Amino acid sequence: MTDALHRDLLALAQEAARRAGELLRDGRPADLAVAKTKSSPIDVVTEMDIAAEKLITDLISGQRPEDGFLGEEGASAEGTSGVRWVIDPLDGTVNYLYGLPTWAVSIAAEQDGETVVGVVAAPMRGETYHAVRGGGAWATGAWEGERALACRPAPPLDQALVSTGFNYVTEVRTHQAEVAARLVPLLRDIRRSGSAAVDLCDVASGRLDGYYERGLNAWDYAAGDLIAREAGALTGGRPGERPSRDLTVAGSPGVFEPLQRLLEDFGAWHD
Ligand code: IPD
Ligand code: CA
Ligand code: CA
């Protein structure tokens, strides 16, 4: 029963992510403008973020009216089925606004509070990543069928390529820059893609050795976190904790542990 339910949830998440991805890719107005701002003047929302969330929630609630929702652009419902959808309709809005290709649609399904399905569609890469809890992580793209994802064998930390992100709130990003400055000499290099969901999937597919960020919301990491774990990566927050707003860390076993320790030593979760 559970397996059948998870398969159904996966199929629905894949359909919703595909349709939203097409809307965002094909429907981006040439003169796309900022519709409103949120936590700060640089935390922007476009009409396309809002349209994509509506498409996703209309599709899912049409088929599963009892489910709950948590969506970045305001979707919020308790639900009665035990299933809740955690949705970032457009992760990487600033990239999207500027016409940069790294952005994604991120859809996770939780059952009784545990993430059981994650789908991240990255339309400009032509790739979609997915996982069902206990079933491995997979990608579809410009190849035949599904490809299993596996995180990268860990290099020594000083040869690790690690991605991060910066919050929209000035004081938080200033502190994040200070932490990053302390990390740079200890790593191969640092990346900043502009999409937390893509970063987590890049850890899953071995394109990064690790990723960390402070200040994320559940919709940023829910799907990507499951995909990274199912690809063999370790994920967490501060030591012993799950990913949270305080801190989200992911990495190949062997990179995750020393990275998490350094982030704790550097006080990466607060200023
Ligand atoms: C943002 C992206 C970015 C991360 C920010 C997120 P949004 O999400 O994931 O990479 O650094 O913290 O808020 O605003 O584009 O959905
Ligand atoms: Ca986001
Ligand atoms: Ca978003």
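A short reminder: the numbers here are calculations on the coordinates, not readings from a lab. Not measured: the values here are computed from a predicted model. In this analysis, Cβ positions are derived from the backbone assuming ideal geometry, glycine residues included, and neighbour counts consider all displayed protein chains.
Order these by the 10 Å Cβ neighbour count, fewest first: W219, W138.
Numbers: W219 24, W138 20.
Ascending number of Cβ neighbours within 10 Å: W138, W219.
Since only Q111, G21, S61 are under comparison, the one whose Cα sits farthest along the positive direction of the charge dipole of region 2-148, derived from C-beta charges on Lys, Arg, Asp and Glu, is G21. In this entry, region 157-265 is assigned a mean projected area of 5.8 nm², taken as a quarter of its C-alpha convex hull surface.
If only the Cβ of Lys and Arg carry +1 and only the Cβ of Asp and Glu carry -1, the dipole of region 2-148 around its Cα centre is close to 300 debye. As a size descriptor, the averaged projected area of the C-alpha convex hull of region 188-247 was calculated at 4.0 nm². Counted over region 1-93 with a bin width of 5 Å, the fraction of Cα pairs per bin, in whole percents, is 3, 13, 23, 23, 16, 11, 7, 3, 1, 0.
Once Lys and Arg get +1 and Asp and Glu get -1 on their Cβ, which of G210, A177, A268 lies farthest toward the positive end of the dipole of region 114-271? Most positive-ward Cα: G210.
What fraction of the DSSP beta bridges in region 2-148 is antiparallel, stated in percent and rounded to the nearest 5?
The antiparallel fraction comes to roughly 90 percent.
Computed FRET efficiency, Cβ-Cβ of E114 and A30, R0 51 Å: what is it to the nearest 0.05?
Working: r = 42 Å, r/R0 = 0.83.
With a Förster radius of 51 Å, E is 0.75.
When only alpha carbons of the chain are considered, Rg and Dmax amount to 17.6, 51 Å.
A cut-off of 5 Å between modelled amide H atoms, ignoring neighbours fewer than 5 places along the same chain, links L149 with A137, W138, A139. Rounded to the nearest 20, the Cβ-based charge dipole of the chain about its Cα centre (Lys and Arg +1, Asp and Glu -1) stands at 520 debye.
Annotation for region 159-230 versus region 1-46: alpha-carbon center distance of 21 Å.
Counting only GluC sites (Glu not before Pro) that are in a DSSP loop and have at most 16 other C-beta atoms within 10 Å, tell me the longest site-free stretch of the chain.
Details: sites that count: E66, E78, E144, E146, E241.
It runs 147-240.
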